[in-house]
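Participant: I'd like to ask you about the structure that follows.
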Amino acid sequence: MANGICVYAESYNGELETVAAELVSAAKGLAETTKEKVQAIVLSDHAEELVKELDKLGVDEIYAVKADHDITLQDDAVSAAIAEMLKKIEPSAVLVPATPQGRSIFSRVAMRLGCGMTADCTEVLAAQREDGSFYIKQNKPSYGENVFVTILTKEGIYPQMMTVRPGVYAACEAKESGNANVKFFDDIKIEKSGVEILEELPAENTTDSILGAEVVVVGGRGVLEDDNFELLEKFAEKVGGAIGGTRPMVDSEMIPFNHQIGQTGLTIRPKICISFGVSGAIQHTEGIKDTNLYVAVNTDENAAIFGVADYGIQADLKEILENYLTL
Ligand SMILES: Cc1cc2nc3c(=O)[nH]c(=O)nc-3n(C[C@H](O)[C@H](O)[C@H](O)COP(=O)(O)OP(=O)(O)OC[C@H]3O[C@@H](n4cnc5c(N)ncnc54)[C@H](O)[C@@H]3O)c2cc1C
C-alpha cells in the first residue's frame with residue numbers, strides 16, 4: 001500500500017538546493033496529519049555527501065542512486081531512474097520543487113507512472129476522507145493567476161505528485177546529524193542520456209538574489225509614475241537591496257514575473273523590506289508576512305499596508321527617495 005510523503009532533493013554540483021529543506025518542511029507538515037514517514041530521494045554522482053546533508057534535515061528515510069557520471073540536465077535518463085525508484089518506494093505523495101529541473105524531470109516521471117502531476121502549488125494540505133484515508137489538497141493559482149484552485153489526485157491513484165513553488169515554505173533547520181534509514185538502490189542505473197552539454201552560460205535571471213536577499217525594496221503601482229522607478233533602482237543599489245514588486249509592476253513590464261511578490265508570486269523572508277507605493281492587498285502581503293522588519297511609504301493614510309508595516313511613512317515616495325539619494 002502506498003505510504004510515505006516523499007521529497008525530491010534537488011541538487012547542483014553536489015550541493016543540496018535550499019528548496020529541498022523547504023519541501024521537507026512541507027512534507028513534515030503533511031505527515032503530522034497523515035502520520036506517514038517523511039522520505040527523500042536523491043540521485044547524483046555526489047550521492048553519499050548529499051545523503052549526509054539530507055539526514056541533517058530530519059527525514060525518516062532516504063533513498064539514493066549513485067550516478068557514475070555528472071547527470072546535470074540529463075532529464076530523460078534521470079526520470080527513468082526515478083520512476084524505478086518510486087515503484088520500489090511506493091510513497092503516497094511526492095513533493096517536487098517547481099523549478100526547471102523539477103518540472104522537466106517529473107513531468108516525464110508522471111508520464112512513466114501514469115499518475116498525473118499538479119504543477120506549481122503554493123499550498124499543500126492534508127485532508128481525510130470519511131473512510132479514514134488521507135489525501136492532499138493541492139492549492140495553486142490558475143487561469144492566468146486570477147483564481148485559486150484546489151486540485152485532488154483521483155482516489156486510488158498513487159503517488160499524488162505535485163510541484164511546489166520555491167520560497168513558499170520556510171526551510172527546516174539542519175541539525176548536527178540525523179538518524180534516517182538510508183537505502184542505496186545499487187540495482188538502478190542511470191542510463192545514457194540523449195542530452196549532451198556543449199557549453200554552460202551564467203543564469204540571466206536574479207530570482208535567487210531576491211529569495212536570499214537580506215534587504216528587499218518593493219515597488220507598487222505608485223512607482224509607475226514619472227521617473228519613480230529609476231529612483232527606486234538607485235535607492236535599492238544604495239541600500240544593497242534586491243528589487244521586487246506588486247502585480248501592476250509586472251503587468252506594466254517594469255519587472256519580470258519572477259520578481260512579483262505575493263500569493264501568485266514569490267514569498268520572501270528578508271531581514272528588511274521597504275515598500276514604496278504599495279496599497280497592501282492581501283494577495284500581495286501574503287508574500288511578505290514573514291519579513292523581520294517592514295517599512296512602508298504611501299501617501300494614503302488609510303492604506304492597508306500601514307496595518308502590516310512595522311513602520312509607516314505617510315508621504316510621497318518621490319520626495320522620500322530623492323531626499324535619501326542626496327544624503
Ligand atoms: C487571484 C489574485 C492573485 C493576485 N496575486 C498577486 C500577487 O501575487 N502579488 C501582487 O502584488 N498582487 C496580486 N494580485 C493583485 C492584488 O490584488 C492587488 O491588485 C495588487 O497587489 C495591488 O498592487 P499595488 O499595491 O501596487 O497597487 P494599488 O493597489 O493600485 O496601490 C497603489 C498604492 O500606491 C500609493 N501611491 C500612489 N502614488 C504614490 C506616491 N507618489 N507616493 C506614495 N504612495 C503612492 C497609493 O496610495 C496606493 O495605496 C492578485 C490578485 C488576484 C485576484
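The values are calculated or read from the model by the stated rules, or taken from the named source; none is laboratory data. Quantities reported herein were computed from a predicted structural model and do not represent experimental measurements. Every residue, glycine among them, receives a Cβ derived from its backbone with ideal geometry; neighbour counts consider all protein chains shown.
Participant: Restricting the first residue to the range 156-184 and requiring it to be more than 29 Å from Arg112 (Cβ to Cβ), which pairs with a second residue that is polar (S, T, N, Q) meet a Cβ separation below 8 Å and a spacing of at least six or different chains?
Facilitator: If the second residue must be polar (S, T, N, Q), the pairs left are Ala170/Ser25; Ala171/Thr18; Ala171/Ser25; Cys172/Ser25.
Participant: Among residues belonging to the range 254-273 that are away from the ligand (no atom under 12 Å from the Cβ) and closer than 26 Å to Glu319 by Cβ, point out the one that is nearest to the chain's Cα centre (by Cα).
Facilitator: Step by step, filter the range 254-273, then rank; the result is Pro270.
Participant: Let me ask something else. Where residues in the range 275-299 are aliphatic (A, V, I, L, M) and within 12 Å of the ligand (Cβ to nearest atom), which of them is farthest from the chain's Cα centre (by Cα)?
Facilitator: Only one residue tops the list, namely Val297.
Participant: Further question on the same structure: Tell me whether the range 313-320 contains one or more residues that are without any contact (Cβ under 8 Å) to a residue 24 or more places away in the chain, within 12 Å of the ligand (Cβ to nearest atom) and hydrophobic (A, V, I, L, M, F, W, C).
Facilitator: Checked against the condition, which is being without any contact (Cβ under 8 Å) to a residue 24 or more places away in the chain, within 12 Å of the ligand (Cβ to nearest atom) and hydrophobic (A, V, I, L, M, F, W, C), the range 313-320 yields at least one hit.
Participant: With a cut-off of at least 1 residues that are of a type in the set (Ser, Thr, Tyr), name the strands (runs of 3 or more DSSP E) lying wholly within the range 1-112.
Facilitator: The strands (runs of 3 or more DSSP E) meeting that bar are 5-8, 38-44, 61-66.
Participant: Taking Ile188 as the residue in question, decide whether it is touching a residue at least 60 places away in the same chain (Cβ under 8 Å), over 22 Å from the mean Cα position of the chain (by Cα) and either within 16 Å of the ligand (Cβ to nearest atom) or surrounded by 16 or more Cβ atoms within 10 Å (Cβ to Cβ) (or both).
Facilitator: The answer is yes for Ile188.
Participant: Further, regarding this structure: Being outside any strand (DSSP E or B) and surrounded by 14 or more Cβ atoms within 10 Å (Cβ to Cβ) is the filter; apply it to the range 300-312 and report the residue that is nearest to the ligand (Cβ to nearest atom).
Facilitator: Ala303
Participant: Of the conditions (1) more than 13 Å from the ligand (Cβ to nearest atom); (2) more than 22 Å from Ile320 (Cα to Cα), Ile243 satisfies every one except a single condition; which number is it?
Facilitator: Failing condition for Ile243: (2).
Participant: Which residue, of Gly114, Gly102, Gly132, is of a type in the set (Gly, Ala, Ser) and modelled with pLDDT under 95?
Facilitator: Gly132
Participant: Grab the helices (runs of 4 or more DSSP H) fully contained in the range 205-299, keeping just those with 1 or more residues being buried (at least 19 other Cβ atoms within 10 Å of the Cβ) and among the charged types (D, E, K, R).
Facilitator: The qualifying helices (runs of 4 or more DSSP H) are 247-251.
Participant: Any chance you could count how many residues in the range 17-66 are in contact (Cβ under 8 Å) with a residue 60 or more places away in the chain, hydroxyl-bearing (Ser, Thr, Tyr) and crowded, with 23+ Cβ neighbours inside 10 Å?
Facilitator: Within the range 17-66, residues that are in contact (Cβ under 8 Å) with a residue 60 or more places away in the chain, hydroxyl-bearing (Ser, Thr, Tyr) and crowded, with 23+ Cβ neighbours inside 10 Å number 1.
Participant: Within the range 191-222, can you find the residues that are over 27 Å from the mean Cα position of the chain (by Cα) and within 16 Å of the ligand (Cβ to nearest atom)?
Facilitator: Gly222
Participant: Here's another thing I want to ask about it. How many residues, within the range 129-181, are among the hydrophobic types (A, V, I, L, M, F, W, C) and either outside the structural domain of Ile105 (by TED's automatic domain parsing) or part of a loop (DSSP other than H, G, I, E, B) (or both)?
Facilitator: Number satisfying all stated conditions: 8.
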